[in-house]
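Scroll down for the structure; my scribbles are underneath it.
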Amino acid sequence: MANIIDGKAISRKILMDIKELIQTCARPPCAVFVRVGEDPASVIYVNQKQKIAAEIGIKTSTIVFPRDVKLGELLGAIDRLNGDSEVDGILIQAPLPTAAIQEAAFAAVAPHKDIDGFHAQNLGLLCQESDRGFLPCTPAGIVELVRSTGVNLEGKHTVVLGRSLIVGKPVGLLMLQKKAFANTTVTFCHSKSENIANHTREADLLIAAMGHPRAVTADGVKPGAIVIDVGINRVADGSIPKGYRVVGDVDFEGVEKVASFITPVPDGVGPMTIAMLMKNTLQAYQNHVYR
Ligand code: NAP
């Protein structure tokens, strides 16, 4: 049976370390969240981030725009936040109403305030293996979970299911880096990949980020692999009052019998994403104050 990687406990430890560092800061680090529309999941995510920020001493506020906001108005607000010396970090909560608006909004955030790590400059610094940029939060959190296993993966094979800009691509690039914890050979699979199980069966580290409930089953996993489940999927479940359950992209019950380590859903990758956002906010404050 696999060891369970407890993302909740690991993230708590990181948050407590950040809280301690914040107590030595001249003022609380400050992050502003920008939300467009009332997408229920976005409302929940922003509230969660604000709650955890408050617990560890980060000041936050949220600016909410209606769904039909004009792009110019949105970009104007981001520009004012960029120029506001009281604001260390800015987060644009995705998804925005259209892909074009989202792209423009992400690009408008000043790179040194981009605590989500989605600006092209920060993604470029990640490609260059520079420590000067912000890492995207979910990929950075995944790397911390992998490191927590203590397994040396150098020279081993990472397979990433998914190639999105927020998860798949950056996490694959991180595991490719010439750094002691990484240095793996990386394969990316996507919706057009053929014979995916042939790839996943070769993976020493398998990262599933597709958004397909329980798609990875035990017969597609190499015995002893580390399996990181990024997926967050709602599936109908009439046996519980809310009528649905949240499951990952991995069939946990089957795969935990063959893997060496596995993350649960919930309480695996999810809490790490928020912890890494807090880490980036502290980094933004430090860059800002000590620049
Ligand atoms: P996304 O933008 O929809 O990307 C999904 C990726 O999966 C795409 O690259 C897609 O390929 C690929 N894909 C689709 N079907 C596939 C298949 N059958 N085999 C292999 N690849 C396939 O999603 P995302 O934003 O990366 O998120 C992925 C999942 O992670 C979602 O469930 C999301 O809710 C979850 N998530 C969790 C966290 C967290 O903190 N835990 C954070 C972010 C996302 P194409 O490129 O060809 O379309």
I'd like to know if the range 255-271 contains one or more residues that are over 24 Å from T185 (Cα atoms), modelled with pLDDT of 95 or more, under 20 Å from the mean Cα position of the chain (by Cα) and not in a loop (DSSP other than H, G, I, E, B). yes
Residues (assigned to a loop (DSSP other than H, G, I, E, B) and either over 28 Å from D116 (Cα atoms) or within 8 Å of the ligand (Cβ to nearest atom) (or both)) located in the range 176-202: H190, S191, K192, S193, E194, N195, R201, E202
All positions within the range 220-241 that are within 21 Å of A9 (Cβ to Cβ) and either touching a residue at least 60 places away in the same chain (Cβ under 8 Å) or in a strand (DSSP E or B) (or both): I226, V227, I228, D229, V230
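Here's the yes/no breakdown for (1) in a helix (DSSP H, G or I); (2) among the acidic types (D, E); (3) within 14 Å of P95 (Cα to Cα); (4) at pLDDT below 95:
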site	(1), (2), (3), (4)
D17	yes, yes, no, no
E20	yes, yes, no, no
V32	no, no, no, no
I44	yes, no, yes, yes
I52	yes, no, no, no
E55	yes, yes, no, no
T62	no, no, no, no
G72	yes, no, no, no
D79	yes, yes, no, no
Consider the range 64-81. How many of its residues are among the acidic types (D, E) and over 26 Å from the mean Cα position of the chain (by Cα)? 2
Can we say I166 is of a type outside the set (S, T, Y) and either modelled with pLDDT under 95 or within 16 Å of the ligand (Cβ to nearest atom) (or both)? yes
Say we look at the range 133-150 and pick out the residues that are in a loop (DSSP other than H, G, I, E, B) and in contact (Cβ under 8 Å) with a residue 12 or more places away in the chain; which of these is nearest to the ligand (Cβ to nearest atom)? P136
Residue under evaluation F118, criteria (1) of a type outside the set (A, V, I, L, M); (2) under 30 Å from V36 (Cβ atoms); (3) assigned to a helix (DSSP H, G or I), criterion not met: (3)
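Quick grid of which residues meet (1) polar (S, T, N, Q); (2) within 16 Å of the ligand (Cβ to nearest atom):
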site: V246; (1), (2): no, yes
site: F252; (1), (2): no, yes
site: S260; (1), (2): yes, no
site: T263; (1), (2): yes, yes
site: D267; (1), (2): no, yes
site: P271; (1), (2): no, yes
site: M276; (1), (2): no, yes
site: L282; (1), (2): no, no
site: Y285; (1), (2): no, no
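So, in the range 153-169, exactly how many residues are out of contact with any Phe, Trp or Tyr (no Cβ under 9 Å at 6 or more places or on another chain) and on the phi < 0 side of the Ramachandran plot?
Going residue by residue through the range 153-169, those that are out of contact with any Phe, Trp or Tyr (no Cβ under 9 Å at 6 or more places or on another chain) are 155-158, 164, 167.
From what's left, on the phi < 0 side of the Ramachandran plot: 156-158, 164, 167.
Residues meeting the conditions: 5.
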Just to check your reading of the model, which residue among R67, R132 is surrounded by fewer than 16 Cβ atoms within 10 Å (Cβ to Cβ) and within 22 Å of V289 (Cβ to Cβ)? R132
Of everything in the range 212-230 that's within 15 Å of the ligand (Cβ to nearest atom) and surrounded by fewer than 20 Cβ atoms within 10 Å (Cβ to Cβ), which residue is farthest from G162 (Cα to Cα)? T217
Of L153, L173, L165, which residue is touching a residue at least 40 places away in the same chain (Cβ under 8 Å), part of a loop (DSSP other than H, G, I, E, B) and surrounded by 14 or more Cβ atoms within 10 Å (Cβ to Cβ)? L153
S11: passes all of (1) more than 19 Å from the chain's Cα centre (by Cα); (2) outside any strand (DSSP E or B) but (1)
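Does the range 242-253 include one or more residues that are assigned to a loop (DSSP other than H, G, I, E, B), surrounded by 15 or more Cβ atoms within 10 Å (Cβ to Cβ) and touching a helix residue (DSSP H, G or I) at 6+ places or on another chain (Cβ under 6 Å)? Spell out how you get there, then give the answer.
In the first step, residues of the range 242-253 are kept if they are assigned to a loop (DSSP other than H, G, I, E, B); the result is 242-243, 248-249, 251.
In the following step, the residues that additionally are surrounded by 15 or more Cβ atoms within 10 Å (Cβ to Cβ) were identified as 248-249, 251.
So of that shortlist, the ones also touching a helix residue (DSSP H, G or I) at 6+ places or on another chain (Cβ under 6 Å) come out as none.
Looking through the range 242-253, none of the residues is assigned to a loop (DSSP other than H, G, I, E, B), surrounded by 15 or more Cβ atoms within 10 Å (Cβ to Cβ) and touching a helix residue (DSSP H, G or I) at 6+ places or on another chain (Cβ under 6 Å).
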Scan the range 21-69 for residues that are among the basic types (K, R) and out of contact with any Gly (no Cβ under 9 Å at 6 or more places or on another chain) and jot them down. R27, R35, K49, K51, K59
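The values are calculated or read from the model by the stated rules, or taken from the named source; none is laboratory data. It should be emphasised that the depicted structure is a prediction, and the values quoted were computed from it without experimental measurement. Cβ coordinates were reconstructed from backbone atoms using ideal geometry, including for glycine residues, and neighbour counts include every protein chain displayed.
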